[in-house]
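> Take this structure first; my questions come after.
The values are calculated or read from the model by the stated rules, or taken from the named source; none is laboratory data. Note that this is a predicted model, so its numbers are computed, not measured. Ideal geometry is used to build each Cβ from the backbone, glycine not excepted, and the neighbour counts take in all protein chains shown.
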């Protein structure tokens, strides 16, 4: 059976990804309000009441804003690392059923195997993920300052990828952010640039990779056409044929992607 995923929101104001098999429905991050997340889900084929679990990558507000509300309203287990659990903002409130995972140790939700792995970001214990259903693999890495050897190793042999493309370096350097914020974004614990992401994609590409979704674009320091331009240039240089590209949106749900 296929694996489906859909970006409900992606950007500095909130992030959330719906991942489904025929039997299991998981929300990865809940960075919008609970009301808005439920609204966006209820517009599609998988209403919020059918969710089986939440999985959280790290404790920043744009990834956990609606987590508490969603877990309480729909009585959902929440899978997160110990470091993330300990550093959750107080606004999250009570979590219905916290389930602690350990980076590097796979766990299962229904018929999905989820393998978290450590990434470099300015959070307590942030994680990227490999979601596997049968032989189908989806890699997710959306908040990291550097693509380490571990990241590149974990993202090998995926059929779909969701990768951060946060900023265009020139736009960031010439933009309105104060110097300390620019330094934080460009640091090893910040966010990947478009160039960084293309280099990561080059290092993990293989012929069975069917789709890459670029996520967490800055509305101030990036633009979708720059991301698309860089991707298509990389495809021409590397002579890749048939690799699909999507770009996550902050304000609209992106089309669902099916992996087989």
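> Is the stretch 44-61 home to any residue that is under 17 Å from the mean Cα position of the chain (by Cα), more than 22 Å from residue 131 (Cα to Cα), modelled with pLDDT of 95 or more and in a helix (DSSP H, G or I)?
yes
> Looking at (1) in a loop (DSSP other than H, G, I, E, B); (2) closer than 16 Å to residue 115 by Cα, which one does residue 100 not meet, given that it meets all the others?
(1)
> Output yes when any residue across the stretch 21-34 is surrounded by 15 or more Cβ atoms within 10 Å (Cβ to Cβ) and more than 20 Å from residue 162 (Cα to Cα), and no when none is.
The answer is yes; a qualifying residue exists.
> For the subset of the stretch 103-130 comprising residues that are in a strand (DSSP E or B) and free of Cβ contacts under 8 Å to residues at least 24 places away in the same chain, which member is surrounded by the fewest Cβ atoms within 10 Å (Cβ to Cβ)?
Going through the qualifying residues, I end up with 108.
> If a residue has to be in contact (Cβ under 8 Å) with a residue 60 or more places away in the chain and touching a strand residue (DSSP E or B) at 6+ places or on another chain (Cβ under 9 Å) to count, how many in the stretch 36-92 make the cut?
8
Quick grid of which residues meet (1) buried (at least 16 other Cβ atoms within 10 Å of the Cβ); (2) in contact with a helix residue (DSSP H, G or I) (Cβ under 7 Å, 6 or more places away or on another chain); (3) over 19 Å from residue 203 (Cβ atoms):
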site: 145; (1), (2), (3): yes, no, no
site: 155; (1), (2), (3): yes, yes, no
site: 160; (1), (2), (3): yes, no, no
site: 168; (1), (2), (3): yes, yes, yes
site: 173; (1), (2), (3): no, yes, yes
site: 178; (1), (2), (3): no, no, yes
